[in-house]
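None of the figures in this text is laboratory data; all of them are computed from the coordinates on show. Everything numeric in this text was worked out from a predicted model, so none of it was measured. We place every Cβ from the backbone using ideal geometry, glycine too, and count neighbours over all the protein chains shown.
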Amino acid sequence: MADARELARELGFSRSAWMDLSLLRVYPEVREICAAGRCQRYEHSWSCPPACGSLEHCARRMAAYDRGLLVQTTAQLEDDFDAEGIAAAQTLHKMRFEALARQLRQLQPDCLPLTAGTCTLCRRCTYPERPCRFPGKRLSSMEAYGLLVSEVCQQAGLPYYYGPKTITYSSCILMKEGIHT
Ligand code: SF4
């Protein structure tokens with residue numbers, strides 16, 4: 001039996017915590033932020049809205065899982081405007097999460113990893129001209145599924161923000177019974 005939390009620790013995540021999936025809520029307001037186009041991925045990726053499905057579809061999908069593991073990467077910054085430090089922390093977190101998702105998908109192919117930010121597996125997403133290159137590997141974000149990341153952190157007993165001169169990225173992976181602590 002795999003130990004998902006131990007795997008997260010080995011991959012270098014700063015912290016992890018089990019989630020209470022019965023508390024998960026999806027928010028139309030989060031979708032509205034996606035649609036406002038700040039990250040410019042809305043209607044530009046198979047992993048993002050609207051291609052990742054309606055909020056109702058996402059809520060139904062998440063409701064099919066028994067366990068969820070929240071993982072975080074926290075980095076120290078030179079100051080709160082340290083763009084290089086922020087970008088490096090994001091890259092590191094996404095690398096760790098891609099490795100976690102890959103390994104847990106080997107154990108449970110239909111688990112649901114929800115990353116931080118859009119899918120970056122391909123340099124250029126094929127949306128909408130051609131089908132997704134890696135449908136079994138692509139990663140939607142927690143926001144794409146309508147989750148309020150700060151609320152999910154709080155529900156799992158982890159802070160969302162660790163104070164000045166820090167940046168934290170959070171992601172989660174939902175699983176059926178079988179991958180245990
Ligand atoms: S795997 Fe590639 S084609 Fe599929 S959603 Fe991710 S970036 Fe787009």
Just to verify a result, which residue in segment 37-51, among those that are under 17 Å from the mean Cα position of the chain (by Cα) and among the polar types (S, T, N, Q), is surrounded by the fewest Cβ atoms within 10 Å (Cβ to Cβ)? S47
Which numbered condition P131 misses (of (1) closer than 22 Å to E10 by Cα; (2) surrounded by fewer than 18 Cβ atoms within 10 Å (Cβ to Cβ)): (1)
Could you list all residues from segment 107-143 that are hydrophobic (A, V, I, L, M, F, W, C) and under 9 Å from the mean Cα position of the chain (by Cα)? L114, A116, L139, M142
Quick one: how many residues across segment 101-136 are under 18 Å from H44 (Cβ atoms) and part of a loop (DSSP other than H, G, I, E, B)? 20
Can you name the number of the only condition in (1) over 18 Å from M175 (Cα atoms); (2) assigned to a helix (DSSP H, G or I); (3) touching a strand residue (DSSP E or B) at 6+ places or on another chain (Cβ under 8 Å); (4) of a type in the set (V, I, T) that T91 fails? (3)
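Quick grid of which residues meet (1) more than 8 Å from the ligand (Cβ to nearest atom); (2) in contact with a helix residue (DSSP H, G or I) (Cβ under 9 Å, 6 or more places away or on another chain); (3) not acidic (D, E):
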{"position": "C132", "(1), (2), (3)": "no, no, yes"}
{"position": "R138", "(1), (2), (3)": "no, no, yes"}
{"position": "A144", "(1), (2), (3)": "yes, yes, yes"}
{"position": "E151", "(1), (2), (3)": "yes, yes, no"}
Filtered residues of segment 93-102 (kept if farther than 17 Å from L70 by Cβ and either in contact with a helix residue (DSSP H, G or I) (Cβ under 8 Å, 6 or more places away or on another chain) or touching a residue at least 12 places away in the same chain (Cβ under 8 Å) (or both)): R102
Among the residues listed as R31, R9, the single one being among the basic types (K, R), surrounded by fewer than 17 Cβ atoms within 10 Å (Cβ to Cβ) and outside any loop (DSSP other than H, G, I, E, B): R9
When you look at Y161, is it under 12 Å from the mean Cα position of the chain (by Cα) and assigned to a loop (DSSP other than H, G, I, E, B), yes or no? no
